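Here's the structure we're looking at; comments come further down.
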Amino acid sequence: MGIGYTEVLSEKQARALTDAAVCVRYGLVIAAPTDTVYGLVCRYDSSGAIEELYRVKDRPSEKALPVLIGDESQLAQVIAGSLPALARELITRFWPGPLTLILPVQPHLPSVLTAGGSTVGVRVPNQSFLRELARRAGPLASSSANRSGGPECRTTAEVLAQLNGRIPLLVDGGVSPHGHASTVLDLTTTPPRILREGPLGETVRGLLE
């Protein structure tokens, strides 16, 4: 059952960040602009919130969700162990930006986040509103703001066409700059493996060769 009404706030409105943070803290799913496409975000450490994100999208639960963080200092809340040297190099070069790194997950996090797996995708988006939201509300489980199988969204109008009434809040940040989901690189395999090309696939591949 949908919630019936989606409020749209410009990211420039004074209460947008506060309202977004309150929604996330209370386990709600909202839509917000990223540096790639519009995304759905919720608490990364709440099974209920993550299950609601799957419901909003009609997304199969066997697909894991990536996590967005405000800055590198939040990595320890999401990943287990120390960063490999290659991860540090990539983070220095590409974060904030459209590169998701697959790393070992903190074992206490909900299994629904990782679809029962032992790894998680994480990145710092190059979008100031979203980074500040993550700093205030904690790391954010995320997915593109569209129904499963539907087109990814670059504008609020496109988000509303698919999700109006299914989320309480949509933050309007204008047109998303890239229009494509992030590059995904699995650093838990030897050699590392690009799972999704995204905007940086060719560049990252050149570094790995």
Out of the strands (runs of 3 or more DSSP E) lying entirely within region 87-192, which hold 3 or more residues that are more than 14 Å from the chain's Cα centre (by Cα) and within 21 Å of Arg43 (Cα to Cα)? 169-172
Looking for something part of a loop (DSSP other than H, G, I, E, B), within 18 Å of Asp172 (Cα to Cα), touching a residue at least 12 places away in the same chain (Cβ under 8 Å) and not basic (Lys, Arg) - is there at least one such residue anywhere in region 61-81? no
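Yes/no matrix, rows are residues, columns are (1) modelled with pLDDT of 95 or more; (2) touching a Gly at 6+ places or on another chain (Cβ under 9 Å); (3) under 13 Å from Ser143 (Cβ atoms):
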residue: Ile3; (1), (2), (3): no, yes, no
residue: Leu17; (1), (2), (3): yes, no, no
residue: Val22; (1), (2), (3): yes, no, no
residue: Leu90; (1), (2), (3): yes, no, no
residue: Gln106; (1), (2), (3): yes, no, no
residue: Leu113; (1), (2), (3): yes, no, yes
Would you pick out the residues in region 171-194 that are under 30 Å from Val24 (Cα atoms) and loosely packed, with under 15 Cβ neighbours inside 10 Å? Gly174, Val175, Gly179
So which residues in region 120-145 are polar (S, T, N, Q) and touching an Asp or Glu at 6+ places or on another chain (Cβ under 8 Å)? Asn126, Gln127, Ser144
In region 21-52, the residues that are in contact with a Ser or Thr (Cβ under 6 Å, 6 or more places away or on another chain) and either under 19 Å from Leu109 (Cβ atoms) or not in a loop (DSSP other than H, G, I, E, B) (or both): Gly27, Gly39, Leu40, Val41
Matching residues, region 59-78, being surrounded by fewer than 14 Cβ atoms within 10 Å (Cβ to Cβ) and at pLDDT below 95: Pro60, Ser61, Glu62, Lys63
Which numbered condition Ser82 fails, given (1) surrounded by 15 or more Cβ atoms within 10 Å (Cβ to Cβ); (2) farther than 27 Å from Leu163 by Cβ; (3) of a type in the set (Gly, Ala, Ser): (1)
I'm trying to understand the selection: among the residues of region 2-41, which are under 17 Å from Ala161 (Cα atoms) and surrounded by fewer than 23 Cβ atoms within 10 Å (Cβ to Cβ)? Gly2, Ile3, Gly4, Tyr5, Thr6, Glu7, Val8, Leu9
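Report whether or not Leu169 is touching a helix residue (DSSP H, G or I) at 6+ places or on another chain (Cβ under 7 Å) and not basic (Lys, Arg).
In short, yes.
What residue, of Leu53, Leu113, Leu103, Leu99, is surrounded by 19 or more Cβ atoms within 10 Å (Cβ to Cβ), closer than 22 Å to Gly198 by Cβ and in contact with a Cys (Cβ under 6 Å, 6 or more places away or on another chain)?
None of the other options fit; the residue is Leu53.
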Against the definition (touching a strand residue (DSSP E or B) at 6+ places or on another chain (Cβ under 8 Å) and over 30 Å from Ala16 (Cα atoms)), how does Ser118 come out, yes or no? yes
Failed item, numbered, when Leu130 is tested on (1) touching a residue at least 40 places away in the same chain (Cβ under 8 Å); (2) surrounded by fewer than 22 Cβ atoms within 10 Å (Cβ to Cβ): (2)
With the condition kept exactly as written, say whether any residue in region 30-44 is at pLDDT below 95, farther than 21 Å from Pro199 by Cα and touching a helix residue (DSSP H, G or I) at 6+ places or on another chain (Cβ under 7 Å). no
Any hit, region 35-51, residues being over 15 Å from the mean Cα position of the chain (by Cα) and without any contact (Cβ under 8 Å) to a residue 60 or more places away in the chain: yes
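The values are calculated or read from the model by the stated rules, or taken from the named source; none is laboratory data. These figures come from a predicted structure and were not determined experimentally. We place every Cβ from the backbone using ideal geometry, glycine too, and count neighbours over all the protein chains shown.
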